[in-house]
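Peer 1: To start, I am sharing the structure in question, which I have written as structure tokens.
The values are calculated or read from the model by the stated rules, or taken from the named source; none is laboratory data. Every value quoted in this text rests on a predicted model; they were computed, and no experiment measured them. Glycine also receives a Cβ, built like all others from the backbone with ideal geometry; neighbour counts cover every protein chain displayed.
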Amino acid sequence: MIALWLALQGAAPLPDPLAAGWQGRPVCEKLHDDAHQRVLRCTFAPGVGHERHLHDRHFGYALSGGRMRITDAKGVREAEIKPGSSFSSEGIAWHEVLNIGATTVQYLIVEPR
């Protein structure tokens, strides 16, 4: 939905979380994909980020935690990610993240179709 809206606005399309990576390398892998949902596992070692990308509606679950810097339309903020924490979103027009901590951060992202 967000990708369609951006295209209608004439904006260059951003990659989705699976297509976006970090310095030419993927950070997310597809664990499951069917007519109902897609499930990704995204892994960020210390110093690794996720270049600018968009998200349609999704649910996220932290498999492991750490400290992340998040940049989006609201600005730049840092967040301490706790293992087992979760969130849901109706979509994100764009954001980018960087692991600024000393531990590997890993998420599951579930995207309904």
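Peer 1: Kindly provide the set of residues from the stretch 11-37 that are part of a strand (DSSP E or B) and either touching a Gly at 6+ places or on another chain (Cβ under 9 Å) or small (Gly, Ala, Ser) (or both), ordered by number.
Peer 2: From the stretch 11-37, those part of a strand (DSSP E or B) are 21-22, 25-26, 28-33, 37; that's our starting set.
Selection gives GLY21, TRP22, CYS28.
Peer 1: Now, a different point. Among (1) under 12 Å from the mean Cα position of the chain (by Cα); (2) closer than 17 Å to GLN23 by Cβ, which single condition is THR104 missing?
Peer 2: Tallying (1) under 12 Å from the mean Cα position of the chain (by Cα); (2) closer than 17 Å to GLN23 by Cβ, THR104 fails exactly one: (1).
Peer 1: Only residues in the stretch 13-39 that are in contact (Cβ under 8 Å) with a residue 40 or more places away in the chain and surrounded by 12 or more Cβ atoms within 10 Å (Cβ to Cβ) count as the first member; pair them with residues that are among the basic types (Lys, Arg) and assigned to a loop (DSSP other than H, G, I, E, B), Cβ under 8 angstrom, at least 6 apart or cross-chain, and list the lot.
Peer 2: GLN37/ARG113; ARG38/ARG113
Peer 1: Separate question: Only one of (1) modelled with pLDDT of 95 or more; (2) surrounded by 12 or more Cβ atoms within 10 Å (Cβ to Cβ) is not met by GLU90, so which one is it?
Peer 2: Only one criterion in (1) modelled with pLDDT of 95 or more; (2) surrounded by 12 or more Cβ atoms within 10 Å (Cβ to Cβ) is unmet by GLU90, namely (2).
Peer 1: Only one residue in GLU90, GLU78 is of a type in the set (Asp, Glu) and over 20 Å from HIS36 (Cβ atoms). Which one?
Peer 2: Result of the check over GLU90, GLU78: GLU78.
Peer 1: A follow-up question, please. Residues to consider are GLY75, GLY49, GLY66; find the one that is at pLDDT 95 or above, buried (at least 18 other Cβ atoms within 10 Å of the Cβ) and over 21 Å from SER88 (Cβ atoms).
Peer 2: Result: GLY49 is the single residue among GLY75, GLY49, GLY66 that is at pLDDT 95 or above, buried (at least 18 other Cβ atoms within 10 Å of the Cβ) and over 21 Å from SER88 (Cβ atoms).
Peer 1: Scanning for something free of Cβ contacts under 8 Å to residues at least 40 places away in the same chain and more than 22 Å from PRO13 (Cβ to Cβ), does the stretch 52-66 turn up at least one residue?
Peer 2: yes
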